[in-house]
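I have placed the structure first, in the form of C-alpha cells, so that the comments after it can refer back to it.
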Amino acid sequence: MPATPTKASDVHERTIVPHAFDLGITHFDNANRYGPSHRAAEKFFGRALRKDLAPHRDELILSTKAGNPIGPSPLTDEELALIDRHGVHGRGVRV
C-alpha cells in the first residue's frame with residue numbers, strides 16, 4: 001500500500017482483510033513499524049475493522065507490538081483496549 005492512500009489502495013484495503021476473514025483467518029498481527037510509513041499497517045487495519053469487520057469483532061484475535069522508539073502510538077486508549085495481545089520488542093524494555 002502506498003504511504004499516501006489513494007482511491008485504488010482504499011479499494012484494495014476494503015477487500016483484502018474481509019476476504020482473509022471469509023477464508024477463515026481470524027488472527028491479525030500488527031506492529032507500529034509495519035507499513036511503508038510507520039504506523040500505516042495499524043491505521044489500515046483500524047479502518048478495515050471499523051468499516052468491515054466490526055460485527056465480527058468477537059471472532060477476531062488482534063495483536064500488535066511496540067518497543068522501537070518511533071514516537072507516540074496513533075491508537076487511542078479506546079482502540080488500545082480492543083487489542084487482545086500486546087507484544088514488546090527490544091532489549092531492556094521495561095513494561
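The values are calculated or read from the model by the stated rules, or taken from the named source; none is laboratory data. None of the values given here were measured: they were computed from a predicted structure. A quick note on method: Cβ atoms are made from the backbone with ideal geometry, for glycine too, and the neighbour counts reach across all protein chains shown. All accessible areas refer to the heavy atoms of the entire protein, side chains included, with ligands and DNA or RNA removed. Shrake-Rupley method; radii C 1.70, N 1.55, O 1.52, S 1.80 Å.
Show the residue pairs that are 6+ apart or on different chains and have beta-carbon atoms under 7 Å apart, the first residue being within the stretch 23-46 and closer than 18 Å to residue 82 by Cβ and at pLDDT 85 or above, the second being acidic (Asp, Glu) and open to solvent by 50 Å² or more (accessible area, probe 1.4 Å).
Final answer for the pair search is 26/59.
Considering the stretch 47-80 alone, what residues qualify as being within 27 Å of residue 19 (Cα to Cα), open to solvent by 80 Å² or more (accessible area, probe 1.4 Å) and modelled with pLDDT under 80?
The one that is within 27 Å of residue 19 (Cα to Cα), open to solvent by 80 Å² or more (accessible area, probe 1.4 Å) and modelled with pLDDT under 80: 78.
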